[in-house]
Amino acid sequence: MEASRSTIIKSLLAREGPKTMNQLFVALHKSFPEQFRGVSRHKFKRVYLRNLKEFQHIKVKPCRESELLEKLRADPESRVGHLDKVAWLIHIGDSLAPKYTSGSVDLNTSHKTILDRIETERAKSKDFWEGRSNTPHDWRAVLEAAGHKTTL
């Protein structure tokens, strides 16, 4: 079982700090080769980073600090040129950083597992409304109390 690609991206940013797009792309391919096999730089930027940015899970900020720019220029993975005066760094959103840094996000949970849990609890709730059970069942409250997701 594997986590979604967006979850992997957010957890890597939380653990390793801000990166340029190219550094992040290379780090993901090195750390998670099976999950990111067949993902091009173009698709990575246009699909994954754009969606995460629209949902405000990541922020792209300019960096003009000369010391950091020198480090990025020395790193061939960052693709920051010698004449570049600005490097764009990708940061994880402020509200998500503690969640992903602490390790409370399970990288071994797939969408199928989450959906199966939800469907199991919803079936118990449906039994009450169809008269098969006498006790009401709030599936959402049960999942939230157990610390599980109620949506993808």
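Residues that are open to solvent by 100 Å² or more (accessible area, probe 1.4 Å) and of a type in the set (D, E, K, R): which helices (runs of 4 or more DSSP H) entirely in the range 49-133 hold 1 or more of them?
The qualifying helices (runs of 4 or more DSSP H) are 50-54, 66-74, 111-129.
In the range 40-63, how many residues are closer than 18 Å to Ser11 by Cα and in contact (Cβ under 8 Å) with a residue 12 or more places away in the chain?
Final tally of qualifying residues: 11.
Out of curiosity, is Arg15 within 20 Å of Thr101 (Cα to Cα) and either open to solvent by 80 Å² or more (accessible area, probe 1.4 Å) or not in a helix (DSSP H, G or I) (or both)?
yes
Only one of these conditions is not met by Gly38: (1) at pLDDT 90 or above; (2) open to solvent by less than 80 Å² (accessible area, probe 1.4 Å); (3) on the phi < 0 side of the Ramachandran plot. Which number is it?
(3)
With respect to Thr120, is the statement that it is among the β-branched types (Val, Ile, Thr) and within 23 Å of the chain's Cα centre (by Cα) true?
Criteria not met by Thr120.
Taking the range 134-144 as the search range and keeping residues that are under 14 Å from Arg117 (Cβ atoms) and open to solvent by 90 Å² or more (accessible area, probe 1.4 Å), which one is nearest to the chain's Cα centre (by Cα)?
The selected residue is Glu144.
The values are calculated or read from the model by the stated rules, or taken from the named source; none is laboratory data. Please read these numbers as outputs of a predicted model, since none were measured by experiment. As a convention, Cβ positions derive from the backbone with ideal geometry for all residues, glycine included, and neighbour counts pool all protein chains shown. Quick note on the areas: whole protein, heavy atoms, side chains included, nothing else; ligands and nucleic acids left out. Shrake-Rupley method; radii C 1.70, N 1.55, O 1.52, S 1.80 Å.
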